[in-house]
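The values are calculated or read from the model by the stated rules, or taken from the named source; none is laboratory data. The model shown is predicted, which means the values in this text are computed figures rather than measured ones. As a convention, Cβ positions derive from the backbone with ideal geometry for all residues, glycine included, and neighbour counts pool all protein chains shown. What goes into the accessible areas is simple: the full protein's heavy atoms, side chains included, and nothing from ligands, DNA or RNA. Shrake-Rupley method; radii C 1.70, N 1.55, O 1.52, S 1.80 Å.
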Amino acid sequence: MRVAEAFFLALIVIVTASYAAKMLVPPQPPLRCLRDANTVAAWITLHSSRSKDLQLLAVKANATLQPTPHHCVAPVVVWVNGTPRLYTVGWKP
Amino acid sequence: MLAAAMLSLAVIAYLNRVESLKIRVTYHGEAEWMILLAAARHSLASNESLDVLIARLSSAASRNGVWLPPVEWNSSHASWGGNTGGGWAYRADFYNTSLGWRGYFAASTSYVLLGAEYDDHGNLWLVYNLTYLHEYRLPQYSYSITLHPEPLNTTCSRVYAAGEGEWIAKLSPPCTLKDKWGIAIISVEGG
């Protein structure tokens, strides 16, 4: 009986520990969304005065205007007749 | 054993709850600073006050849930010369002294009249040697990023590359040479 108890106890501990290990994976650090100096140079041109430029330049900067899950996202401004329009651009790190 | 089983179930339920509370870490950095520098660039292009543009920008950012760096700013613009040569320099600084943040947008140009020529239709073209650059400084980097935007060809302007940030520009007055952001690089009067 004691052997059976010990077996089930060990089983419970193993299952609990495996769940715990799986669930406590740390989140990805946000710094993965940083851009290096070269891509920031491309990023500068994203901020435009013409929204059609934004679409074209987003492609050049390896970014999209339709961020999908797990992409990094950042706001971009387009000035139209003195009015700021804010867009969200997403890219894969 | 029953107690151990119940305890482990409780631990698993707790971990499930913790796991479902997704930790959302939002990084604010270069892109938000570039929004400010782009506002300064638009101020230069449109001749609208930077104060007014930043006020509109802050309002739009607030409506869209976009974070902007808490900064103060100042800008300066100086120009000199005329049709035979001259230039201008613009600079907008954004800073937060208590947090030690500083970034700026600067643009400058200088031009010298090399000569004049007439085309087959009798139109006068003034030929300039031109230098034109932008500087972007973000507090995330210890150096500024320099761009040499290309002036645009129009019906009254012809531009030829002459080196990094250097151009030969032919303008048929009256004409304003602009870049893609609408910044007036040279304006020549007359006709």
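The long axis of helix B:2-20 is offset from the longest Cα principal axis of chain B by roughly 10 degrees.
Before anything else, pin down the relative contact order of chain B: Cα pairs under 8 Å, at least 6 apart, normalised by residue count, whole percent. After rounding, I find 14 percent. Averaged over the residues of B:111-117, the number of partner chain Cβ atoms lying within 10 Å of the residue Cβ comes to 0. Each of B:148, B:187, B:101 was placed along the dipole of the range B:52-191 (beta-carbon charges, centred on the mean Cα), and the one lying farthest toward the positive end is B:101. What shape does the range B:48-105 have by the C-alpha gyration tensor, where a ≥ b ≥ c are the square roots of the eigenvalues, rounded means a/c under 1.5, and otherwise prolate means a/b greater than b/c and oblate the rest? Because a/c hits 1.5 or more and a/b fails to exceed b/c, the range B:48-105 counts as oblate. Each of residue B:152 and residue B:11 was given a label point 7 Å from its Cα along the Cα-to-Cβ line. The distance between the two points is 6.7 nm.
Could you look at chain B and say what percent of its accessible area is carbon and sulfur, using a 1.4 Å probe and all protein chains? Provide the component values of the computation, followed by the final result.
Details: 5460 of 10140 Å².
Answer for chain B: carbon and sulfur cover 54 percent of the accessible area.
How much length is gained on full extension from residue B:135 to residue B:189, taking 0.36 nm per residue of separation minus their Cα-Cα distance?
16.6 nm
Computed with a 1.4 angstrom probe on protein heavy atoms, the A-B interface buries about 3100 square angstrom of accessible area in total. Label sites at residue B:120 and residue A:6, each approximated as a point 7 angstrom past Cα along Cα to Cβ, lie 10.4 nm apart.
Want the number for residue B:144 to residue B:73: 0.36 nm per residue separation, take away the alpha-carbon distance, what's left?
Working: separation 71, 0.36 × 71 = 25.56 nm, distance 1.77 nm.
Separation in residues times 0.36 nm, less the Cα-Cα distance, equals 23.8 nm.
Could you tell me how many degrees, from 0 to 90 and to the nearest 10, lie between the Cα long axis of helix B:50-64 and the main elongation axis, the longest principal axis, of the Cα atoms of chain B? Its long axis makes an angle of about 30 degrees. Contact residues in the range B:143-183 by the 30 Å² criterion (accessible area, 1.4 Å probe, full protein complex versus chain alone): B:145, B:147, B:180, B:181.
Just the accessible area per residue of the range B:59-181, please: how many Å² with a 1.4 Å probe?
Details: 6450 Å² over 123 residues.
Counting only protein heavy atoms, the per-residue value for the range B:59-181 is 52 Å².
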